[in-house]
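The values are calculated or read from the model by the stated rules, or taken from the named source; none is laboratory data. Just so it is clear, the model here is predicted, and its values are computed rather than measured. Positions of Cβ are generated from backbone atoms using ideal geometry, with glycine treated the same way; all protein chains shown enter the neighbour counts.
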Amino acid sequence: LFAPRRIGDKVVEFVLDVTERRNAEEALRDAGRRKDEFLATLAHELRNPLAPIKNGLQILLRTTPAEAPAQRTLHVMDRQLDHLLRLVNDLLDVARISAGKVRIVREVVSIGDTVARSVEAVQPLVDARGHRLTVVLPSHDVLLQGDRDRLAQVFSNLLSNAVKYTPPGGAIRIETSVDQGEVCVAISDTGVGIPPEQQSAVFELFTQVRGHQPHSEGGLGIGLALVRSLVGMHGGRVEVRSGGVGQGSTFTVCLPKPGAPPPSSGDAADDA
Ligand code: ADP
């Protein structure tokens, strides 16, 4: 389109001035960087006072007699504080991943131990909602190369979503299977389900399915974006399947087994 053209005996060149577009793009990138910095500072500032509050509450819980009326209030405060801590930590993780500051520590990880750790983390929530949780592990444990804490975070994020988006008394299942080149962990629930047209969008940052948020435990739409980034950093993938509204959901994380081709990139900062 912009190649020089001969018009009569003259050669005419066309020049497209992209200065304005470049400036606009640079301004957008700048705004994005400032937003990430703001998120990181905000999360830090919010998190700092929470640690001493948590410690203080633990002391009060230990020293208040079990039959005292204050016990119940202290337990409610403790649960709400844990929820706040999870939100703030997720925010901090998103800001760090966006800034390319999250590095995964590769070590030999037992998939059985990692699943057990994440189950332990959500067990109180499972009990509180009266769910039934089934854990299925392979007959022989599988060892992976990965970050122990981050993988446990991936599974407990998915498990706590299963708990959160399933009405009380539901069934939740975490099942590990081993295929040729990979090990997959599927977390399924009998909950509210996800409409087909929204299933890929739920992995986008700050995306929530309308009408899903239980009042007591509203989130920010960060957890699944984090899951996708962290799984990507391990060279794996995560998928969701749901029969639709009211039909439950299954989230499956597949990770390469040692010896499988290495991931193409060490981070997935573009995801979050
Ligand atoms: P949050 O739970 O804080 O909103 P997530 O990123 O973890 O954020 O999840 C994004 C959205 O995906 C949720 O708001 C919810 O609408 C939907 N979702 C996630 N997990 C499930 C599930 N197990 N069942 C039904 N919907 C889910």
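Below are the figures for this structure:
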item: Considering residues of the range 71-86 that are surrounded by 12 or more Cβ atoms within 10 Å (Cβ to Cβ) and over 29 Å from the mean Cα position of the chain (by Cα) only, the residue farthest from residue 47 (Cα to Cα); result: 71
item: One residue from 175, 182 being of a type in the set (Asp, Glu), modelled with pLDDT of 95 or more and closer than 15 Å to residue 253 by Cα; result: 175
item: When residues of the range 138-196 are limited to those that are touching a Cys at 6+ places or on another chain (Cβ under 6 Å) and in contact (Cβ under 8 Å) with a residue 40 or more places away in the chain, the one farthest from residue 106 (Cα to Cα); result: 184
item: Residue, modelled with the highest pLDDT, within the range 231-272, restricted to residues that are assigned to a loop (DSSP other than H, G, I, E, B) and of a type in the set (A, V, I, L, M); result: 245
item: Any hit, the range 116-131, residues being touching a Lys or Arg at 6+ places or on another chain (Cβ under 7 Å) and within 16 Å of the ligand (Cβ to nearest atom); result: no
item: Selected residue (only one of 7, 97 is among the hydrophobic types (A, V, I, L, M, F, W, C), out of contact with any Lys or Arg (no Cβ under 8 Å at 6 or more places or on another chain), surrounded by 12 or more Cβ atoms within 10 Å (Cβ to Cβ) and at negative phi); result: 97
item: Whichever residue in the range 158-205 is more than 10 Å from the ligand (Cβ to nearest atom), among the charged types (D, E, K, R) and not in a helix (DSSP H, G or I) and, among such residues, is surrounded by the fewest Cβ atoms within 10 Å (Cβ to Cβ); result: 179
item: Answer residue from the range 111-132, given it is surrounded by 18 or more Cβ atoms within 10 Å (Cβ to Cβ) and of a type in the set (A, V, I, L, M) and is modelled with the lowest pLDDT among those; result: 125
item: Filter result for the condition that a residue is under 15 Å from the mean Cα position of the chain (by Cα) and either within 25 Å of residue 85 (Cα to Cα) or surrounded by 22 or more Cβ atoms within 10 Å (Cβ to Cβ) (or both), over 209, 154; result: 154
item: Any pair with Cβ under 6 angstrom, 6 or more apart, that starts in the range 74-103 at a residue that is touching a residue at least 60 places away in the same chain (Cβ under 8 Å) and ends at one that is of a type in the set (Lys, Arg) and assigned to a helix (DSSP H, G or I); result: 102/96
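Table: residues versus (1) of a type outside the set (Asp, Glu); (2) modelled with pLDDT under 90; (3) within 19 Å of residue 225 (Cβ to Cβ).
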{"position": "16", "(1), (2), (3)": "yes, yes, no"}
{"position": "43", "(1), (2), (3)": "yes, yes, yes"}
{"position": "48", "(1), (2), (3)": "yes, no, no"}
{"position": "53", "(1), (2), (3)": "yes, no, no"}
{"position": "72", "(1), (2), (3)": "yes, no, no"}
